[in-house]
Amino acid sequence: MGKTIAIATPVFFALIALEYLVGRARGRHNYRINDAVNSLSLGVMSQVIGLFTKLLAVGIYAAVHSVVAIWQLPSDQWWVWALAIVAYDFCYYWNHRLGHESAVFWAAHVVHHQSQEYNLSTALRQTSSGALLGWVFYLPMAVIGFPPRCSRSRPSSTCSTSTGSTPSRSDRSAGSTAGSARPPTTACTTR
């Protein structure tokens, strides 16, 4: 994942610049400097803290896998990796859904929905505390028997497709419940 971020970062910043320039050319003010800097800061903080929390999550996963795995799936088989991607996506879905429906998980997820603007910089707003409980959602993979090498088989599409899935504040209803455990229904939730 680190290489993906290193490669994607310049492209992402180029797209942010393009979005800003197109917005200006159309007479829109789709970026506020304080909001964009805050988004960037949250993204950097998430990556730095992620360096430490990934070790915790992988360690717990490996411990659970070594003790309770029902099967010992081989990490050198393509089908195991393909199933791991599907399983990871399923676990990620429930992690994200409960991030919208449970107060404790919403507390970690809400940072992603705090921007006043809806633009590409908003996608940088990632939680730094989500790893404290987020690892729990991936333990079923350990119990099934996906090896620890497969436990972080997050497809890049999970990041890129979630970029455009949250409406801007102006798109939300007047009765917004932003900041509560039950935010307005958005394209990235299913109820």
I'd like the Karplus ³J(HN,Hα) series for region 20-29: coefficients 6.51, -1.76, 1.60, θ = phi - 60°, whole numbers in Hz, and an x wherever there's a Gly or Pro. 4, 5, 5, x, 4, 4, 8, x, 9, 10
Expected sort for 89-99, 69-79 on mean C-beta neighbours within 10 Å, highest first, is 89-99, 69-79
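Stretched out fully, how many nm does the piece from A63 to L132 gain, at 0.36 nm a residue minus the Cα gap? Spell out each step's value before the answer.
Numbers: separation 69, 0.36 × 69 = 24.84 nm, distance 1.66 nm.
That works out to 23.2 nm of additional length.
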In nm, the gap between the two label points placed 7 Å beyond Cα toward Cβ at I70 and V37 is 5.2 nm
Under the Karplus relation with 6.51, -1.76 and 1.60 and θ = phi - 60°, whole-Hz ³J(HN,Hα) for region 83-96, x at Gly and Pro, equal 5, 5, 5, 5, 4, 4, 4, 4, 5, 4, 4, 5, 4, 5
In order over region 10-15: 3J(HN,Hα) from phi, Karplus 6.51/-1.76/1.60, θ = phi - 60°, whole Hz, x for each Gly or Pro, gives x, 5, 5, 5, 5, 5
Starting from the 7 Å offset along Cα-to-Cβ, what nm value, one decimal, do you get for the label separation of F13 and R97? 3.8 nm
Distance between modelled label sites at L21 and L56, nm, 7 Å Cα→Cβ extension: 4.2 nm
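Since every read-out is calculated from the coordinates, none of them should be taken as a lab result. Keep in mind that this is a model prediction, so the values were computed, not measured. With ideal geometry, Cβ positions are generated from the backbone for all residues, glycine too; neighbour counts draw on all protein chains shown.
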